[in-house]
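The structure appears below as structure tokens.
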Amino acid sequence: MIEGVVVRTLEPKTDDRGRVVELFRCDGPAPHVAAQIHLTTVFPGVVKAWHRHRRRTDTLAVVSGLVRLGLYDAREGSKTENELNQFFLGDHAPLAVTVPAGVWFGMKGCGTAESLVIVVTDRPHDPKLPDEDRIDPVLNEIPFDWERRDR
């Protein structure tokens, strides 16, 4: 596992009225103050990658649909430098994944429906001073293949 990445299994509590799922907690295994909470979506088959934040930590949870989340540690001197991680997050894979600053990440929509991803960050987005680097999802140095493996 990439150094600083925290993966937590979400535990739905269900009764005859429905369910409740604690997505994020300030006293949880990857606590950070929620400076911003936003929704991002991913259409089926679409890859939203690669980007990283220089100072910001993000925690992601999928509340509808399914995404394949890829992580790559390009942090120079990290104990897990050049390590890849992959996770599936969604309806049948109830996980919250914390991505530390400096780790490249991206996601691909799986299935047939738009996926809804909630993101909690420890720093708000500042459009005047973006804390983000982006590279092409395919043409890059990251050894991660976004193609399906059942073809």
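The values are calculated or read from the model by the stated rules, or taken from the named source; none is laboratory data. Values in this document were obtained by computation on a predicted structure and should not be read as measured data. Cβ coordinates were reconstructed from backbone atoms using ideal geometry, including for glycine residues, and neighbour counts include every protein chain displayed.
Screening Asp73 on (1) acidic (Asp, Glu); (2) more than 16 Å from Met1 (Cα to Cα); (3) surrounded by 14 or more Cβ atoms within 10 Å (Cβ to Cβ) shows it passes everything except condition (2).
Is it true that Lys128 is of a type in the set (Lys, Arg), surrounded by 14 or more Cβ atoms within 10 Å (Cβ to Cβ) and on the phi < 0 side of the Ramachandran plot? Considered against the rule, which asks whether it is of a type in the set (Lys, Arg), surrounded by 14 or more Cβ atoms within 10 Å (Cβ to Cβ) and on the phi < 0 side of the Ramachandran plot, Lys128 comes out as no. Is it true that Phe105 is in contact with a Cys (Cβ under 9 Å, 6 or more places away or on another chain), among the hydrophobic types (A, V, I, L, M, F, W, C) and not in a loop (DSSP other than H, G, I, E, B)? For Phe105, the condition - in contact with a Cys (Cβ under 9 Å, 6 or more places away or on another chain), among the hydrophobic types (A, V, I, L, M, F, W, C) and not in a loop (DSSP other than H, G, I, E, B) - is not met.
Residues of the range 73-91 that are at pLDDT 95 or above and assigned to a loop (DSSP other than H, G, I, E, B): Ala74, Arg75, Glu76, Gly77, Ser78, Lys79, Thr80, Glu81, Asn82, Glu83. Return a yes/no flag: does the range 15-27 have any residue that is surrounded by 14 or more Cβ atoms within 10 Å (Cβ to Cβ) and in contact with a Phe, Trp or Tyr (Cβ under 6 Å, 6 or more places away or on another chain). No. Can you confirm whether the range 122-134 contains a residue that is among the aliphatic types (A, V, I, L, M) and in contact (Cβ under 8 Å) with a residue 40 or more places away in the chain? No: the range 122-134 contains no residue that is among the aliphatic types (A, V, I, L, M) and in contact (Cβ under 8 Å) with a residue 40 or more places away in the chain. The residues of the range 23-72 that are assigned to a loop (DSSP other than H, G, I, E, B) and hydroxyl-bearing (Ser, Thr, Tyr) amount to a single one, Thr57.
Mind checking whether some residue in the range 39-49 is touching a Leu at 6+ places or on another chain (Cβ under 7 Å) and either surrounded by 13 or more Cβ atoms within 10 Å (Cβ to Cβ) or without any contact (Cβ under 8 Å) to a residue 60 or more places away in the chain (or both)? Within the range 39-49, one or more residues are touching a Leu at 6+ places or on another chain (Cβ under 7 Å) and either surrounded by 13 or more Cβ atoms within 10 Å (Cβ to Cβ) or without any contact (Cβ under 8 Å) to a residue 60 or more places away in the chain (or both).
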